[in-house]
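> Starting off with a structure, shown below.
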Amino acid sequence: MPDKKLHLAAFVSAGPVSGSHAGWRHPEADGDLLSAAYYQNIGRLLDEGRFDLLFIADILAIPDTLGGSLDSQLRYGALGALRLDPLVVLSIIAGATKRLGLGATISTTYAQPYVLARALATLDHLSGGRAAWNIVTSFQEAEARNFGLIEQLSREERYERADEFLEVVTKLWDSWEDGALVRDRQTPLFADPARVHRIDHSGKWFNVRGPLNVSRPPQGRPVFIQAGASDRGRDFAARWAEIIFVTPGLIDVAVEFRNDLRARAVRFGRDPDTIKVLPGIVPVIGDTEKQAKALHDQLHELSHPESGLSTLSYHLGVDLSRFPQDQVLPENLDVPGVEGHYREVSELTRRSGLSLAELGQRYGAGRTTSGFAGTPGTVADRMQEWFEAGACDGFMLQVPYLPGGLEDLVHGLVPELQRRGLFRTEYDGSTLRDSLGLPRPADCGTAFASSTP
């Protein structure tokens with residue numbers, strides 16, 4: 001594929017865990033993760049490496065799935081022990097970067113369309129067209145209880161609400177036509193009333209009059225990211241998403257997933273090339289194979305089994321402390337959480353026969369996708385294999401510790417990919433859509449038949 005380039009995104013949490021639960025314990029890790037400088041440094045490194053996107057994951061509670069207790073999360077600095085608000089963090093990073101895309105995770109289950117549309121339109125304007133939204137429906141009882149619910153909505157209700165949520169926010173972003181913000185001092189005409197429209201949405205979940213009080217974003221709307229792996233989740237992603245984040249453990253599973261998503265996109269009337277499938281991996285890189293193995297082993301040793309089991313329990317929505325820790329993960333579990341993660345760890349269990357305790361340590365040390373540890377050349381070989389097999393359009397890179405793991409990517413892996421002609425040497429255009437080769441949505445303002453404000 002001589003003319004096709006990989007897309008690279010970085011998966012980072014505004015907290016102690018990104019690619020590895022051992023990351024914050026690494027002796028060279030920067031522990032100042034409550035400072036603006038910490039995140040600005042991450043952004044500058046990714047800008048230097050010509051990454052498409054920085055994607056900040058988020059959850060809205062400290063998980064208590066394992067044993068019904070917060071202890072394992074807080075004690076071991078696991079997935080949800082601490083999370084800063086991604087929109088605030090990205091706004092700080094926007095001012096320190098020039099071309100890097102900025103993706104925030106925001107839940108459709110606990111947010112309101114108008115507030116979200118306004119916040120992301122603001123980020124897109126202030127960053128010059130670099131905003132992205134990771135669309136999640138949330139699935140944890142702990143999150144529901146932080147928003148006044150006794151129990152969470154069912155999976156089908158969450159996706160039903162999400163579909164309507166997406167309809168409302170896209171109408172709000174389109175409620176201002178392109179060019180409606182005139183700012184003519186002489187006339188005077190600040191904004192053209194004939195080109196700003198109420199949306200008058202009335203549905204099962206939302207009633208929103210509009211228009212938005214922020215003009216249409218530079219990208220038309222932010223880039224949509226989604227990670228659904230269930231059948232319902234795949235349909236949702238095929239209808240709406242432009243970046244799909246997935247965690248397959250094997251290359252053939254990744255090929256099947258990408259082919260399925262592209263076929264579903266066609267059924268929704270979309271061009272399949274407007275969907276970029278990015279598997280999540282945790283590259284562990286050294287100048288030599290020996291150094292990479294030493295770092296890999298160090299991360300494994302620093303990862304406490306309970307930290308990984310705590311996060312896996314959260315991901316699956318299943319309390320794994322109920323099962324014997326010296327035996328394998330049970331088959332055919334009823335998983336109310338992320339089905340893709342269950343498939344991932346089930347594949348690993350079948351391949352290696354890891355006990356639950358061993359699985360917890362492995363899951364905590366980094367993603368279970370194997371083969372991405374070694375020198376920059378070794379890791380690039382593996383990435384190229386996946387890319388040329390049609391398993392992906394690029395990768396969502398999770399960093400084992402910061403900033404050293406990110407420096408290994410930017411100064412070691414990226415130059416190797418560039419040398420092979422697999423990755424850009426300069427950004428394409430100024431917006432995130434330019435970098436991803438995605439079209440800007442058409443101006444749909446004139447489609448509103450309602451009267452102007």
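> Output the qualifying pairs, or none if there are none: Cβ atoms under 6 angstrom, residues six or more apart or on different chains, first residue in segment 405-423 and assigned to a loop (DSSP other than H, G, I, E, B), second residue open to solvent by 30 Å² or more (accessible area, probe 1.4 Å).
Filtered contacts from segment 405-423: F423/K5.
> In segment 112-120, is there at least one residue being closer than 21 Å to L84 by Cβ and hydroxyl-bearing (S, T, Y)?
no
> Return the residue satisfying two criteria in turn: it lies in segment 17-76 and is of a type in the set (S, T, N, Q) and part of a loop (DSSP other than H, G, I, E, B), and of such residues it is surrounded by the fewest Cβ atoms within 10 Å (Cβ to Cβ).
Step by step, filter segment 17-76, then rank; the result is S35.
> Output the residues belonging to segment 249-261 that are more than 14 Å from W386 (Cβ to Cβ) and buried (at least 20 other Cβ atoms within 10 Å of the Cβ).
Matches in segment 249-261: L261 only.
> If the Cβ limit is 7 Å and pairs must be 6+ apart or interchain, which residue in segment 189-210 that is in a strand (DSSP E or B) pairs with which residue that is of a type in the set (S, T, N, Q) and surrounded by 15 or more Cβ atoms within 10 Å (Cβ to Cβ)?
Pairs found: V196/S175.
> Which is farther than 22 Å from G317 by Cβ, of a type outside the set (K, R) and open to solvent by 10 Å² or more (accessible area, probe 1.4 Å), of V182, V168, V246, V223?
V182
> Moving on to the next point. Is at least one residue of segment 122-129 surrounded by fewer than 17 Cβ atoms within 10 Å (Cβ to Cβ), within 20 Å of the chain's Cα centre (by Cα) and of a type outside the set (A, V, I, L, M, F, W, C)?
Within segment 122-129 (the criterion being surrounded by fewer than 17 Cβ atoms within 10 Å (Cβ to Cβ), within 20 Å of the chain's Cα centre (by Cα) and of a type outside the set (A, V, I, L, M, F, W, C)), the answer is yes, since at least one residue qualifies.
> Among L90, L102, which is over 15 Å from F224 (Cβ atoms), under 14 Å from the mean Cα position of the chain (by Cα) and open to solvent by less than 10 Å² (accessible area, probe 1.4 Å)?
Just a single option satisfies the conditions, and that option is L90.
> L438: open to solvent by less than 10 Å² (accessible area, probe 1.4 Å), of a type in the set (A, V, I, L, M) and within 19 Å of the chain's Cα centre (by Cα), yes or no?
Answer is no for this residue.
> Within segment 408-453, track down each residue that is modelled with pLDDT under 95 and β-branched (V, I, T).
T446, T452 - these are the residues of segment 408-453 that are modelled with pLDDT under 95 and β-branched (V, I, T).
> Kindly provide the set of residues from segment 164-192 that are acidic (D, E) and either modelled with pLDDT under 95 or in contact with a Cys (Cβ under 9 Å, 6 or more places away or on another chain) (or both), ordered by number. Step through it out loud before you land on a result.
Here is the first cut: in segment 164-192, the ones acidic (D, E) are 164, 167, 174, 177-178, 184, 192.
Within segment 164-192, D174, E177 meet the criteria.
> Output the residues belonging to segment 276-294 that are in contact (Cβ under 8 Å) with a residue 60 or more places away in the chain and either touching a Lys or Arg at 6+ places or on another chain (Cβ under 8 Å) or surrounded by fewer than 20 Cβ atoms within 10 Å (Cβ to Cβ) (or both).
Residues satisfying the conditions are V277, G280, I281, V282, G286, D287, T288, E289, K293.
> Being out of contact with any Asp or Glu (no Cβ under 9 Å at 6 or more places or on another chain) and at pLDDT below 95 is true for just one of G128, G77, G95. Which residue is that?
Matching residue, one of G128, G77, G95: G77.
The values are calculated or read from the model by the stated rules, or taken from the named source; none is laboratory data. This one's a predicted model, so the numbers in the text were calculated from it and none came from an experiment. Cβ: placed from backbone, ideal geometry, glycine included. Neighbour counts: every protein chain shown. For accessibility, only protein heavy atoms count, side chains too; no ligands or nucleic acids. Shrake-Rupley method; radii C 1.70, N 1.55, O 1.52, S 1.80 Å.
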